[in-house]
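Everything on this sheet refers to the single structure shown next.
Just so you know, all these numbers are worked out from the coordinates, no wet-lab data involved. Since the structure is predicted, the reported quantities are computational estimates derived from the model, not experimental observations. Glycine gets a Cβ as well: all are built from the backbone with ideal geometry, and neighbour counts include every protein chain shown.
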Amino acid sequence: MTFGACIAGLGMDVPVRIVTNKDLEAVVDTTDDWIVTRTGIHERRIVADGQSTGDLAVKACEDALRSAGITIADIEMIVLSTCTGDTNMLPATATFVQTALGASHIPAFDISAACSGFVYGLDIAHQFIATGRCRRILVVGAEAMSRVVDWTDRASCVLFGDGAGAAVLERCPPGQGILSTKIASNGAGACLLQIPAGGSREPLTAETVGTDRQFLHMDGKAVYSFAVEIMGEAAMAALDAAGISPSEIDLLVPHQANIRIIKSAADRMGIPLEKVFINVDRYGNTSAASIPIALTEAVRTGRLKEGDLVVTVGFGAGLTWGANVMRWGQVNP
Ligand code: UT7
């Protein structure tokens, strides 16, 4: 039996602490002008001491449940995407979130697809709904990137921010909601964006902790070149699969990494900037959280309305990428 799946509720949470580019001028050798010109970022949110990825995820999920008009008792699975989990490797952050939300005895697990994670999560949840196994699933993207960036590396620390976004994915008639999804990865680029130490290959030792290897390392230029190519390509592949042309799209919601990457992708697809949702200026790159946060703000600001055709597209470490095409249903703000 095949069912459709649509987003029935959306939610988000970002830390209250705002860190501006001016603030970063006191931390590393950078300028507001460089960051704005090269990335489009003006400020980002940073978690407070003691606040974790899971804490942000819980609030985003509560917001999404409210928006869908349901309670946690209606949820049959939690799929959480993060690369900055509450603990290192185990258990899954989704299990902390499950307990905090008051759920038990439903599957709750993490997926690791970095900034493409929300698109991956939607696709995984979609399969469980399509086969009839589940009726409603919480799909979450949550990150505390500020915990893993090297605050002495100006080329990367200025780019990222913290936050969480969540969606209630719900069964609907086929042909509504998600119309197509494409996800893919290419491990040949794994070394371009990674945290080298802290895993089973290179466990943390006193020596490692004295180096920068437990922090995020990135070849920014190589990731940039990959991103401008793949964003358009992935979105076009998902559109092709749905039999829809770019001119029919009402809103493009891209991963918010860099305004230049977003503009280049929109340009390659022939989509005018007025049809692109952008909030990278306020949050920076929140990795797996960026697309669900953007979707939530798009609905709450009236940019995304019932009946609209929306495309989400992301790319990230792995290298991973993915896109999906949705016919937007009724979502309460
Ligand atoms: O979700 C996926 C995550 N990753 C990304 O999306 C990253 C994709 N890459 C990018 O967005 C861009 O490559 C960056 C924003 C990271 C860098 O922009 P760029 O235009 O590629 O700059 P660059 O790396 O070529 O650096 C240009 C100059 C260098 O100085 P020299 O060698 O020309 O003297 C850098 O050292 O800018 C310098 N620089 C900075 N200067 C001031 C690098 N970071 C900074 C900084 N402030 N924060």
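Under 8 Å for C-alpha pairs, at least 6 residues apart: give me the relative contact order for the range 124-282, rounded to a whole percent.
Computed over the range 124-282, the figure is 18 percent.
What Cys residues in the chain are without a partner cysteine, judged by a Cβ distance under 4.7 Å?
Unpaired cysteines in the chain: CYS61, CYS83, CYS115, CYS134, CYS157, CYS191.
Kindly identify the range 1-94 as rounded, prolate or oblate by the Cα gyration tensor criterion: order the square roots of the eigenvalues as a ≥ b ≥ c, call it rounded if a/c is under 1.5, otherwise compare a/b with b/c, prolate if a/b is larger, else oblate.
prolate
What do you get for chymotrypsin sites (Phe, Trp or Tyr not before Pro) in the range 269-333 restricted to DSSP loop and a cutoff of at most 14 other Cβ within 10 Å of the site's Cβ?
Qualifying residues, ordered by number: none.
Taking 2.2 N^0.38 Å as the expected size of a compact globular protein, what ratio does the Cα radius of gyration of the chain give against it, to two decimals?
After normalising by residue count via 2.2 N^0.38 Å, the value is 0.93.
Among rounded, prolate and oblate, which fits the range 218-327 when a ≥ b ≥ c are the square roots of the eigenvalues of its C-alpha gyration tensor, a/c under 1.5 means rounded, and a/b larger than b/c means prolate?
oblate
How far apart, in nm, are two points set 7 Å out from the Cα along the Cα-to-Cβ line at ASN186 and at ARG268?
Going from the ASN186 label point to the ARG268 one covers 1.0 nm.
Tell me, what is the percent relative contact order of the chain, built from C-alpha pairs under 8 Å that lie six or more residues apart?
Taking the mean separation of contacting Cα pairs over the length of the chain, I get 27 percent.
Mind checking the dipole of the range 199-245: about its Cα centre, +1 per Lys or Arg Cβ, -1 per Asp or Glu Cβ, Debye to the nearest 20?
Taking the Cα centre of the range 199-245 as origin, the dipole is about 80 debye.
Evaluate the relative contact order of the range 4-175 (contact order divided by residue number), counting alpha-carbon pairs under 8 angstrom at least 6 apart; express in whole percent.
Relative CO of the range 4-175 lands at 36 percent.
With a ≥ b ≥ c the root eigenvalues of the C-alpha gyration tensor of the range 86-149, is it rounded (a/c under 1.5), prolate (a/b larger than b/c) or oblate?
Oblate shape, in that a/c is at least 1.5 and b/c is the bigger or equal ratio.
Are there trypsin sites (Lys or Arg not before Pro) in the range 159-214 that DSSP puts in a loop and that have at most 10 other Cβ atoms within 10 Å, and which ones?
Within the range 159-214, the qualifying trypsin sites (Lys or Arg not before Pro) (loop, at most 10 other Cβ atoms within 10 Å) are ARG201.
In deg cm²/dmol and to the nearest 500, what is the mean residue ellipticity at 222 nm of the chain if only DSSP H runs of at least 4 residues count, each as -39500 (n - 2.57), divided by the residue total?
Result for the chain, helices only: -9500 deg cm²/dmol.
Just to verify a number: FRET efficiency for ALA100 and GLN176, C-beta to C-beta distance, R0 = 25 Å, to 0.05?
Using R0 = 25 Å, I get an efficiency of 0.20.
Quick check: the distance between the Cα centres of the range 1-47 and the range 152-230, to the nearest angstrom?
Using only Cα atoms, the two centres lie 15 Å from each other.
What distance in nm separates the two pseudo spin-label positions at VAL36 and ASP308, each 7 Å out from Cα along the beta-carbon direction?
Here the answer is 2.7 nm between the modelled labels.
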